[in-house]
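Report on the structure given below.
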Amino acid sequence: MRKLIYPILFLLLTGFGFFWYLKPTYADIQDLQSQVSEYDKTLSQVNELQAQLGDKLEKRDKITNDQLSRLDRILPETVDTVRFLIELDQIAAQHGMSVEGVSFSGAPEAFGGSGGSENTTNYNTLTASFSVAGSYEDIQDFLSDIERSSRLMDITEFTLKSAVEPSSEDNETNLGTGINEYSISLQTYWRNQDSS
């Protein structure tokens with residue numbers, strides 16, 4: 001019996017040592033291993049994002065100054081109502097027309113507008129309302145030039161006040177073949193610096 005006491009005591013001490021020291025240490029090691037695997041996963045995501053950023057920076061560096069200036073013309077950093085009005089008037093002048101009665105909405109007060117509501121998108125809008133007078137062919141050409149303009153513009157309203165001629169039959173009126181007045185509202189855009 002005395003020979004069995006030492007092995008039993010050794011087994012009890014080993015079991016006690018396992019539950020008292022080895023099991024908590026083993027649990028700590030497992031926690032550390034799970035943290036290491038999370039860090040490895042995060043590190044691989046960071047490396048992937050760095051590779052994507054490197055690709056984007058490489059693509060950005062390939063953009064020429066001419067391309068950047070064209071992009072800035074499509075969606076400029078700021079709105080300049082005076083320059084915008086001059087551009088519209090130049091387009092109209094090419095077709096023998098003049099821009100009249102211009103009003104702006106949505107532009108900052110510093111640029112001649114009435115201000116606008118807080119915008120959370122990546123761009124702001126400026127609405128310009130004006131009128132031009134010309135023939136049907138003139139307005140077609142004017143609208144085509146606006147469509148081909150490098151500045152992004154959307155026509156939101158178009159109204160015709162025509163010159164009328166009495167018809168010889170039944171005293172009906174027809175659209176005039178001469179000069180008509182057109183009221184136009186259009187929107188243009190610029191980048192919102194606050195949302196970037």
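Key figures
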item: Residue in the stretch 73-86 that is surrounded by the fewest Cβ atoms within 10 Å (Cβ to Cβ), counting only those that are of a type outside the set (Val, Ile, Thr) and farther than 14 Å from Tyr189 by Cβ; result: Arg83
item: Among the candidates Ser98, Ser114, Ser167, Ser149, residue that is more than 23 Å from Arg70 (Cβ to Cβ) and at pLDDT 65 or above; result: Ser98
item: Selected residue [assigned by TED's automatic domain parsing to the domain that holds Ser129 and in a helix (DSSP H, G or I)] from Leu11, Leu43, Leu88, Leu32; result: Leu88
item: Some residue of the stretch 65-72 being modelled with pLDDT of 85 or more and surrounded by fewer than 10 Cβ atoms within 10 Å (Cβ to Cβ); result: yes
item: Test for Lys3: is it of a type outside the set (Val, Ile, Thr) and either within 24 Å of the chain's Cα centre (by Cα) or under 30 Å from Phe104 (Cβ atoms) (or both); result: no
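The values are calculated or read from the model by the stated rules, or taken from the named source; none is laboratory data. Given the structure is predicted, the values throughout are model-derived calculations rather than measurements. Positions of Cβ are generated from backbone atoms using ideal geometry, with glycine treated the same way; all protein chains shown enter the neighbour counts.
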